[in-house]
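**Student:** Below is a structure I'd like to ask you about.
The values are calculated or read from the model by the stated rules, or taken from the named source; none is laboratory data. Model, not experiment: these values are computed from the prediction. Methodologically, a virtual Cβ is constructed for each residue, glycine included, from the backbone with ideal geometry; neighbour enumeration extends over all protein chains shown. Protein only, heavy atoms only, side chains kept; ligands, DNA and RNA dropped before computing areas. Shrake-Rupley method; radii C 1.70, N 1.55, O 1.52, S 1.80 Å.
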Amino acid sequence: MRVLVTGASGFVGRSLVPLLINNKYDVSVCTRRKITLPFSDKVETFLVPDIGPNTNWTEALSGIDAVVHLAGKAHFSNSNLFEEKAAYELINVAGTEQLARSAAKAGVKKFIFISTVKVMGEKTLDIPYTETQLPNPIGNYAKSKLAGEASLLRISNELSMNVVILRPPLLYGPGVKANMLNLIKLCQLSMPLPFAAVQNQRSFLYVGNLADAIMVCLVNTKANGQTYFVCDGDDLSTPTLIRRICFALNKPVLLFSAPNFLLRLIGKLIGKSLVVERLLENLQVNDQKLRRQLGWTPPFNMIQGLDMMTAWYKTKRRS
């Protein structure tokens with residue numbers, strides 16, 4: 001099977017592409033700029049500077065059996081909400097639709113799209129999200145990913161290409177960025193953190209487990225036309241996550257209690273309300289549909305995943 005991976009130089013791509021190569025797939029990759037990757041000599045590389053409604057995918061899709069679409073826009077630094085909405089829609093909606101239509105017309109048999117748990121909302125209340133619940137995206141990013149999902153399902157019906165949608169929760173692993181990386185840095189500094197009394201539960205996904213789930217979806221025909229949540233299956237509270245990261249870093253755990261209302265107030269004052277909410281609220285997914293239908297089990301547990309992530313971080317700090 002020949003597989004095209006978009007966003008191959010990103011966080012997920014750097015785990016997925018080597019896994020596919022090691023399992024004897026023929027792999028082509030798309031990157032935005034010319035860079036040397038650890039697997040560059042084992043893949044065919046196509047430069048695709050911009051993903052949008054007019055992107056020409058003809059050369060990259062030639063001879064391709066399946067596409068794994070990792071590329072997309074996840075962050076926007078401009079505070080202008082109108083421009084933010086337009087940027088997300090350009091890449092995550094129109095860009096995804098252009099790639100999918102081009103793939104179907106090129107004879108691609110399967111298209112795997114990496115969406116996000118955020119299409120369901122920002123938090124769970126009593127039970128984890130399942131695939132039978134109605135989406136409730138909040139914010140332009142989540143809305144654009146749900147619209148991307150809808151465009152793929154529509155194209156699948158029109159042009160008879162098998163589509164699989166995966167909705168991961170918070171990803172972690174070597175090369176992680178954003179909030180998880182900031183949390184590792186705080187643990188490394190042995191800073192006292194005010195989350196000892198937090199009693200939330202959140203689902204996580206090690207990037208190597210996501211790569212494995214993608215590979216299973218490539219070969220298992222039962223995945224065709226399906227949408228799946230995927231996670232490690234080891235939901236944690238914020239203080240438990242901090243303890244595990246500190247243990248992996250061989251650092252002392254320095255936690256103290258502060259009331260949630262005070263943490264929210266501080267978050268508001270420093271402009272970090274969303275970050276604080278993610279440390280306090282529940283966000284769980286149930287991935288039993290994936291495990292039951294495809295027989296999938298994650299190859300790595302969370303302890304192993306955190307060990308590999310912190311080992312990468314230690315190496316990064318020394319370099």
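Conditions tested, residue by residue: (1) without any contact (Cβ under 8 Å) to a residue 24 or more places away in the chain; (2) closer than 27 Å to Arg317 by Cα; (3) among the aliphatic types (A, V, I, L, M); (4) surrounded by 14 or more Cβ atoms within 10 Å (Cβ to Cβ).
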| position | (1), (2), (3), (4) |
| --- | --- |
| Lys177 | no, yes, no, no |
| Leu183 | no, yes, yes, yes |
| Ala196 | no, no, yes, yes |
| Gln199 | no, no, no, no |
| Met215 | no, no, yes, yes |
| Ala223 | no, no, yes, yes |
| Arg243 | yes, yes, no, yes |
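**Student:** Hey, Val43 hits all of (1) of a type in the set (Val, Ile, Thr); (2) more than 19 Å from Leu159 (Cα to Cα); (3) open to solvent by 50 Å² or more (accessible area, probe 1.4 Å) but one; which does it fall short on?
**Tutor:** Every listed condition holds for Val43 apart from (3).
**Student:** Tell me yes or no: at least one residue of segment 215-234 is under 17 Å from the mean Cα position of the chain (by Cα), more than 30 Å from Ala258 (Cα to Cα), among the charged types (D, E, K, R) and modelled with pLDDT of 95 or more.
**Tutor:** no
Residue-wise test of (1) touching a residue at least 40 places away in the same chain (Cβ under 8 Å); (2) within 19 Å of Leu90 (Cβ to Cβ).
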site: Ser9; (1), (2): no, no
site: Gly52; (1), (2): yes, yes
site: Thr55; (1), (2): yes, yes
site: Ala66; (1), (2): yes, no
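**Student:** Out of segment 263-273, which residues are touching a residue at least 12 places away in the same chain (Cβ under 8 Å) and out of contact with any helix residue (DSSP H, G or I) (no Cβ under 7 Å at 6 or more places or on another chain)? Spell out the reasoning first.
**Tutor:** Within segment 263-273, the first condition is being touching a residue at least 12 places away in the same chain (Cβ under 8 Å), and the residues that meet it are 263-264.
Scanning segment 263-273 gives no hits.
**Student:** Turning to a different aspect of this structure: Going by the conditions given, is Lys109 closer than 20 Å to Glu84 by Cβ, at pLDDT 95 or above and open to solvent by 50 Å² or more (accessible area, probe 1.4 Å)? Explain how you work it out, then say what you get.
**Tutor:** Values: closer than 20 Å to Glu84 by Cβ: no; at pLDDT 95 or above: yes; open to solvent by 50 Å² or more (accessible area, probe 1.4 Å): yes.
Taking the combined requirement at face value, the residue does not satisfy it.
**Student:** I need a count of the residues in segment 181-211 that are under 17 Å from Val285 (Cβ atoms) and outside any loop (DSSP other than H, G, I, E, B). Explain how you work it out, then say what you get.
**Tutor:** Quick first cut of segment 181-211, residues under 17 Å from Val285 (Cβ atoms) only: 200-207, 209-210.
Then drop every residue that is not outside any loop (DSSP other than H, G, I, E, B), which leaves 202, 204-207, 209-210.
Qualifying residue count, segment 181-211: 7.
Per-residue answers, yes or no, for (1) open to solvent by 50 Å² or more (accessible area, probe 1.4 Å); (2) among the basic types (Lys, Arg); (3) over 20 Å from Ser28 (Cβ atoms):
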site: Val48; (1), (2), (3): no, no, no
site: Ala71; (1), (2), (3): no, no, no
site: Phe82; (1), (2), (3): yes, no, yes
site: Glu89; (1), (2), (3): yes, no, yes
site: Asn92; (1), (2), (3): no, no, yes
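**Student:** For the structure I just gave you, tell me whether Ile138 is touching an Asp or Glu at 6+ places or on another chain (Cβ under 6 Å), open to solvent by 60 Å² or more (accessible area, probe 1.4 Å) and on the phi < 0 side of the Ramachandran plot. Before you say what the answer is, go through the steps one by one.
**Tutor:** On the way: touching an Asp or Glu at 6+ places or on another chain (Cβ under 6 Å): yes; open to solvent by 60 Å² or more (accessible area, probe 1.4 Å): yes; on the phi < 0 side of the Ramachandran plot: yes.
Taking the combined requirement at face value, the residue satisfies it.
**Student:** Look through segment 268-305, keep the residues that are modelled with pLDDT under 95 and of a type in the set (Gly, Ala, Ser), and return whichever of them is surrounded by the most Cβ atoms within 10 Å (Cβ to Cβ).
**Tutor:** Checking each candidate, the answer is Ser273.
**Student:** Follow-up. Please verify whether Asp41 is charged (D, E, K, R), more than 22 Å from the chain's Cα centre (by Cα) and at pLDDT below 95, treating the condition exactly as stated.
**Tutor:** Numbers: charged (D, E, K, R): yes; more than 22 Å from the chain's Cα centre (by Cα): yes; at pLDDT below 95: yes.
For Asp41, the condition - charged (D, E, K, R), more than 22 Å from the chain's Cα centre (by Cα) and at pLDDT below 95 - is met.
**Student:** Tell me which residues, restricted to segment 296-319, are in contact with a helix residue (DSSP H, G or I) (Cβ under 8 Å, 6 or more places away or on another chain) and either in a loop (DSSP other than H, G, I, E, B) or of a type in the set (Lys, Arg) (or both).
**Tutor:** Selection gives Trp296, Thr297, Pro298, Pro299, Phe300, Lys314, Arg317.
**Student:** Do we find a residue being modelled with pLDDT of 95 or more and over 30 Å from Val253 (Cα atoms) anywhere in segment 166-183?
**Tutor:** Yes, segment 166-183 contains a residue that is modelled with pLDDT of 95 or more and over 30 Å from Val253 (Cα atoms).
**Student:** Could you grab me the full set of residues in segment 10-37 that are within 13 Å of Gly72 (Cβ to Cβ) and either more than 19 Å from the chain's Cα centre (by Cα) or not in a strand (DSSP E or B) (or both)? Please lay out each step first, then the result.
**Tutor:** Residues of segment 10-37 that are within 13 Å of Gly72 (Cβ to Cβ), as a first pass: 10-13, 30, 32.
Answer for segment 10-37, where residues must be within 13 Å of Gly72 (Cβ to Cβ) and either more than 19 Å from the chain's Cα centre (by Cα) or not in a strand (DSSP E or B) (or both): Gly10, Phe11, Val12, Gly13, Arg32.
**Student:** While we're here: Looking for something over 20 Å from Leu210 (Cα atoms) and without any contact (Cβ under 8 Å) to a residue 12 or more places away in the chain - is there at least one such residue anywhere in segment 108-126? Before you say what the answer is, go through the steps one by one.
**Tutor:** Start the filter on segment 108-126 by keeping residues that are over 20 Å from Leu210 (Cα atoms), which leaves 108-109, 121-126.
Filter once more, so that each one left must be without any contact (Cβ under 8 Å) to a residue 12 or more places away in the chain: 126.
Yes: segment 108-126 contains one or more residues that are over 20 Å from Leu210 (Cα atoms) and without any contact (Cβ under 8 Å) to a residue 12 or more places away in the chain.
**Student:** Could you please find all residues in segment 232-250 being assigned to a helix (DSSP H, G or I) and in contact with a Ser or Thr (Cβ under 6 Å, 6 or more places away or on another chain)?
**Tutor:** Taking segment 232-250 and keeping what is assigned to a helix (DSSP H, G or I), we get 238-249.
Those that are assigned to a helix (DSSP H, G or I) and in contact with a Ser or Thr (Cβ under 6 Å, 6 or more places away or on another chain): Ala248, Leu249.
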